[in-house]
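S.K.: Have a look at this one before I ask anything.
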Amino acid sequence: MKEEVLLSSKLAGIHKTHLAFHEIVTQKIARAKIHSQIVGLLLINIDNFQSINIHLGYHIGEKLLLKMQERLTSCLNSDDFITRIDNGEFVIIMGDIKESEIKKTKNTIKNLMECFNEIYNLDGIDTKISASIGIAYYPHAGADTQTLLQSANISMSHAKSLGGNNYQYHTGTLNKKYKKKSSLEHALKFAVEKQELFLNYQPIFNLKTRKMLGMEALLRWKNPLFGLISPNIFIPLAEENGLITSIGEWSLKNICKQAKEWYTAGYDEFKIYFNISSYQLFQKSFPKFMMRLFKNAHIPPHLLDLELTETAFITKSSYFENILKKISDAGISITIDDFGTGHSSLTRLKHLPITGLKIDKLFISDMRPDSFDAIIVNSLIALGKKLSMNVIAEGIETEAHLQFLIANGCPQGQGYYLCKPLNADQMTSFLKKNNKRCV
């Protein structure tokens, strides 16, 4: 299982860098047994540490870790133990804790969290970071080093799933939840070769004329054991475990293959919108693979539109901007997906080669006349027009949604009210009918 491989890797790292770790934990557990005490194991993972290495350089990342360990150490008692076990990851052992003194450890944990609220100046660069902390206590969460570390790792993963910058204690409920997550991760490793992945295509319409102008390629996963798994679940899993590259490559290959079939058959009056994870774009080999794939597919680049979620644009780096420029120069348009839900800078977006934005369905679903969501949607439509961007509304599910968007000048949209996602054969039939209505 993935959890076990990960934990054995962590333990290997501990034994390699700090041979005393296992011995210290063993000693503290032995003493705790005699005196009916508690041992605390804290696993600290710096949020998005890899992005610091990528954007600021590995030497800056190393300086940050050294300063971080100094500050964390200053928050601990003299008999506590801290060591670094991975890139951006620390482990702390707290022993000699009486059951009645458990509140004291909570104060220590809060002090540790405060270390991450400070600004670190590294070679003249001000850097602010956050961390996720998983906490496991002996004997409640395990009776040995391996089990305690596993429990702390589960708690830390839960802290990350809540957005990071927080700490979580291990519980039995968490254990069950992350065993299921581990099983999903294991199944996902074989999803491509077992042909469990597939693509659907949801039409995008001119809202006034109901003519189809494009379609969004939607990646789906159906597993024999777990059934149909939401992309909101398996895409983050793939990003977290490095599977996103192989899955992304499979998706793009099949999108290009299908697009070529439709183009060869004479269907060339639409765009195919496809999603790419920002994790993929930052892997040096992936952009070249993507551009080579599009070139070899022999389809006009103007038929393709790359969708990136708004959070991808938080990253400010010349590398990211150069990738987008190359994609745009190749004739592929770029759209911001889920617009309005992230934290992107409008000033930056103005200088990037963005041609469209999609209004997130969260704003559409609860939209009522004069509601706050309606005001936001109306403002986003106006903003897109002012920036000369194409605007597409997602999640149109009622006639009221449709009429509001038309009245406020939204040019394009998609949603179940207009047409549900179609498989490739259904979409081919739809194209053959050349019908404004959905099948």
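The values are calculated or read from the model by the stated rules, or taken from the named source; none is laboratory data. Computed from a prediction, not measured in an experiment: that's the story for all the values here. We place every Cβ from the backbone using ideal geometry, glycine too, and count neighbours over all the protein chains shown.
S.K.: Would you point out the residue of segment 80-104, among those that are at pLDDT 80 or above and not in a strand (DSSP E or B), that is nearest to T26 (Cα to Cα)?
M.R.: D80
S.K.: While we're here: Could you list, in sequence order, all residues of segment 294-305 that are surrounded by 15 or more Cβ atoms within 10 Å (Cβ to Cβ) and either under 17 Å from the mean Cα position of the chain (by Cα) or in a helix (DSSP H, G or I) (or both)?
M.R.: Of everything in segment 294-305, those that are surrounded by 15 or more Cβ atoms within 10 Å (Cβ to Cβ) and either under 17 Å from the mean Cα position of the chain (by Cα) or in a helix (DSSP H, G or I) (or both) turn out to be F294, A297, P301, L303.
S.K.: Go through segment 135-147 and report how many residues are surrounded by fewer than 17 Cβ atoms within 10 Å (Cβ to Cβ) and part of a loop (DSSP other than H, G, I, E, B).
M.R.: 4
S.K.: Continuing with the same structure: Looking at segment 380-421, which of its residues are among the polar types (S, T, N, Q) and surrounded by 14 or more Cβ atoms within 10 Å (Cβ to Cβ)?
M.R.: N390, T398, N408, Q412, Q414 - these are the residues of segment 380-421 that are among the polar types (S, T, N, Q) and surrounded by 14 or more Cβ atoms within 10 Å (Cβ to Cβ).
S.K.: Report yes if some residue within segment 401-411 is of a type in the set (G, A, S), at pLDDT below 90, part of a helix (DSSP H, G or I) and out of contact with any Lys or Arg (no Cβ under 7 Å at 6 or more places or on another chain); otherwise report no.
M.R.: Among the residues of segment 401-411, not one is of a type in the set (G, A, S), at pLDDT below 90, part of a helix (DSSP H, G or I) and out of contact with any Lys or Arg (no Cβ under 7 Å at 6 or more places or on another chain), which makes the answer no.
S.K.: Separate question: From the residues in segment 347-373 that are assigned to a helix (DSSP H, G or I) and modelled with pLDDT of 90 or more, which one is nearest to K271 (Cα to Cα)?
M.R.: K361
S.K.: Does any residue of segment 26-36 turn out to be in contact with a Phe, Trp or Tyr (Cβ under 7 Å, 6 or more places away or on another chain), under 30 Å from F313 (Cα atoms), modelled with pLDDT of 80 or more and not in a loop (DSSP other than H, G, I, E, B)?
M.R.: no
S.K.: In segment 220-252, what residues are at pLDDT below 95 and among the charged types (D, E, K, R)?
M.R.: If the condition is that a residue be at pLDDT below 95 and among the charged types (D, E, K, R), then E239, E240, E249 are the ones that fit.
S.K.: Quick one: would you say I109 is surrounded by fewer than 14 Cβ atoms within 10 Å (Cβ to Cβ), assigned by TED's automatic domain parsing to the domain that holds Y58 and not polar (S, T, N, Q)?
M.R.: no
S.K.: Here's another thing I want to ask about it. State all residues of segment 161-177 that are among the polar types (S, T, N, Q) and either farther than 18 Å from N45 by Cβ or not in a loop (DSSP other than H, G, I, E, B) (or both); if no residue qualifies, say none.
M.R.: Scanning segment 161-177 gives S161, N166, Q168, T171, T173, N175.
S.K.: Select from segment 32-53 the residues that are of a type in the set (V, I, T) and surrounded by 17 or more Cβ atoms within 10 Å (Cβ to Cβ) and write down the one among them that is nearest to Y279 (Cα to Cα).
M.R.: Ranking the qualifying residues of segment 32-53, first place goes to I52.
S.K.: Something else: May I ask you to list the residues in segment 105-134 that are within 24 Å of S78 (Cβ to Cβ), in a loop (DSSP other than H, G, I, E, B) and touching a Lys or Arg at 6+ places or on another chain (Cβ under 8 Å)?
M.R.: E118
S.K.: Condition first: over 30 Å from I154 (Cα atoms), more than 21 Å from the chain's Cα centre (by Cα) and either without any contact (Cβ under 8 Å) to a residue 40 or more places away in the chain or not in a loop (DSSP other than H, G, I, E, B) (or both). Now tell me which residues in segment 201-231 satisfy that.
M.R.: Result: Y201, Q202, P203, I204, F205, N206, M212, L213, G214, M215.
S.K.: Also, I was wondering about something else. Report, by residue number, each residue of segment 111-144 that is more than 30 Å from S36 (Cβ to Cβ) and of a type in the set (A, V, I, L, M).
M.R.: I119, L122, I125, I129, A131 - these are the residues of segment 111-144 that are more than 30 Å from S36 (Cβ to Cβ) and of a type in the set (A, V, I, L, M).
S.K.: If you don't mind, another one. For the condition closer than 25 Å to F282 by Cβ and either assigned by TED's automatic domain parsing to the domain that holds M212 or not in a strand (DSSP E or B) (or both), what is the one hit in S328, S388, S379?
M.R.: Result: S328 is the single residue among S328, S388, S379 that is closer than 25 Å to F282 by Cβ and either assigned by TED's automatic domain parsing to the domain that holds M212 or not in a strand (DSSP E or B) (or both).
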